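Read-outs: derived from the displayed coordinates by stated rules, not from any lab. Given the structure is predicted, the values throughout are model-derived calculations rather than measurements. All Cβ positions, glycine included, derive from the backbone under ideal geometry; neighbour counts span all protein chains shown.
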Amino acid sequence: MTDREYLVLLYSFIPFGPARIKLLLSYFGSAEKTWKAERKKLIEIGLKEKTVNDFINFKDGLEPSEYFNRLKKLSINYITYKDSNYPQNLLEIDSAPPALYIKGEIVSSDINAVAIVGARKMTSYGREVTEKFAGELASYGLTIISGLARGVDTIAHKGALSVGGRTLAVVASGLDKIYPPENTALANEIIKNGAIISEYPLGYPALPTNFPTRNRIISGLAKAVLVVEGETKSGTLLTAGAAAEQGRTVFAIPGQITSPMSGAPLFLIQNGAKMAISVNDILDELNLQVKVDREAIEGVLPSGKDEERLIEILSNEPLHLDEIARISSQPVNEISARLTIMELKGMVRNLGGGVYKKV
């Protein structure tokens, strides 16, 4: 076995977190030597006897070749923080997972990513703005990161996919146990144009304690975190807190002051988060000038009947986005994302205030 494989096995023993793994590797010199270390030596260097006993039992109950064969059969890959293709953004944080399981593909362009998080029980407003921001950011070539949870996470992933964009989902269980189960079909769609990611080994359940730990990876993979909705006391603030500690920019979308779901965003804005009312707020703050030529855009979203129909609608006079959606009988978020692409192609022009005209 390679040292990479030994590192994956080491990190599959849950009590060995990122900090402990790094200390062990520093002392023993390699993952293989750490894995093969004698019980007496592990206790001598300061590990608790119970932890050492649990580790020995874990090793005795694991057949490495069988484990890696299972990964292969499930089309699950793995990378370690020593690999050149480990996500650069994530490598920057102190608690970067020594190993990650991946189903799908992480690509170099995923370095330009924005995490979108929020309430599981979102409002209709939360759904609308999540679709808008996820779709438009993805249209500009940014990767959308979220956690595959119910509510805002789900809509963020779907919003990116709806415009042919990339999205990464960080889950709080082994990749053979997608949670929540009703998002299994969505996970399969994400794999086609992104990846499902986890630091947890096969068979590990989505325990409540996993989610706060998982949140540091969501923010760590991104350049910035956008908070849509959430109550004042919610897991959403944990992700925002992790982002701030990691030096990431935190954005929040303001909501109605009378809505409990506006608690988290308004609290964040009051305490220094950037207010976002359009994707330009995010692009400008991060200085992300996404350079997309017409050929590249065409590869992501080819021209078709939808664009022909929108050009026909705008052929006589400029129209507001809502009016275009009404005439075309399509959802506003889909029209908005399509018009963004058409603007980059030079087909239409945004006159401001949601009004578009044919070029």
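At a glance:
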quantity	calculated
Rel. contact order, % - alpha carbon contacts under 8 angstrom, at least six apart, the chain	13 percent
Likely footprinting exposure, Met275, Met347, fewest C-beta neighbours within 10 Å first	Met275, Met347
Sites Asp176 and Thr258 - FRET efficiency at Förster radius 51 Å, r taken between beta-carbons, to 0.05	0.75
Counted charge near Glu105, where neighbours are those whose Cβ lies closer than 12 Å (Asp, Glu -1; Lys, Arg +1)	+2
The chain: DSSP helices with Cα axial extent of at least 20 Å and average Kyte-Doolittle hydropathy no lower than -1.0	124-139
Fraction of antiparallel bridges per DSSP, the chain only, in percent to nearest 5	40 percent
Ranked list, fewest to most other Cβ atoms within 10 Å of each Cβ, for Arg127, Arg214	Arg127, Arg214
Projected area, mean over directions - the chain, Cα convex hull, nm²	19.4 nm²
Over the range 1-57, relative contact order from alpha-carbon pairs under 8 Å, at least 6 apart, %	32 percent
Selected from Ile327, Ile253, Ile155 as most flexible by GNM, with the chain as the system and alpha-carbon contacts under 10 Å	Ile327
Label-point gap, in nm, between Asn316 and Gln330 - each point 7 angstrom along Cα→Cβ	2.0 nm
Listed residues Ile190, Ile341, Ile56, most fluctuating in the chain (Gaussian network, C-alpha, under 10 Å)	Ile56
Amide H contacts of Leu148 (H built 1.01 Å from N, under 5 Å, at least 5 apart or other chain)	Val170
All aspartates and glutamates inside 13 Å of Lys121 as judged from Cα atoms, apart from same-chain residues fewer than 8 positions distant	Asp153, Glu229, Glu231
Relative contact order for the range 49-205, counting Cα pairs under 8 Å that sit 6 or more residues apart, in percent	21 percent
Leading residue at positive end of dipole, the range 1-67 (Cβ point charges), from Tyr6, Gly61, Ala31	Ala31
Label-to-label distance, nm, for residues given as Lys305 and Lys33 (7 Å Cα→Cβ offset)	6.6 nm
Value at 222 nm in deg cm²/dmol, rounded to 500, when DSSP H runs of n ≥ 4 in the chain each add -39,500 (n - 2.57)	-13500 deg cm²/dmol
Within the chain: Cβ-based charge dipole about Cα centre, in debye rounded to nearest 20 (Lys, Arg +1; Asp, Glu -1)	780 debye
Separation in nanometres of the label points that stand 7 Å from Cα toward Cβ, at Met1 and Glu92	3.4 nm
Most mobile of Asn57, Asn333, Asn85 in a GNM of the chain (Cα contacts under 10 Å)	Asn57
Long-range amide H partners of Leu226 with built H, under 5 Å	Ala115, Ile116, Val117, Phe251
Among Leu47, Ala240, Leu268 the positive-end extreme of the charge dipole of the chain (Cβ point charges)	Leu47
Counted charge near Met261, where neighbours are those whose Cβ lies closer than 15 Å (Asp, Glu -1; Lys, Arg +1)	+1
Principal axis box of the range 161-273, alpha-carbon based, largest edge first, Å	41, 34, 28
Unsatisfied cross-links (Cα-Cα over 29 Å) in the set Lys274/Lys357; Lys22/Lys192; Lys192/Lys305; Lys233/Lys274; Lys73/Lys192	Lys274/Lys357; Lys22/Lys192
Ranked Ser336, Ser108, Ser278, Ser219, criterion: other C-beta atoms within 10 Å, fewest first	Ser108, Ser278, Ser336, Ser219
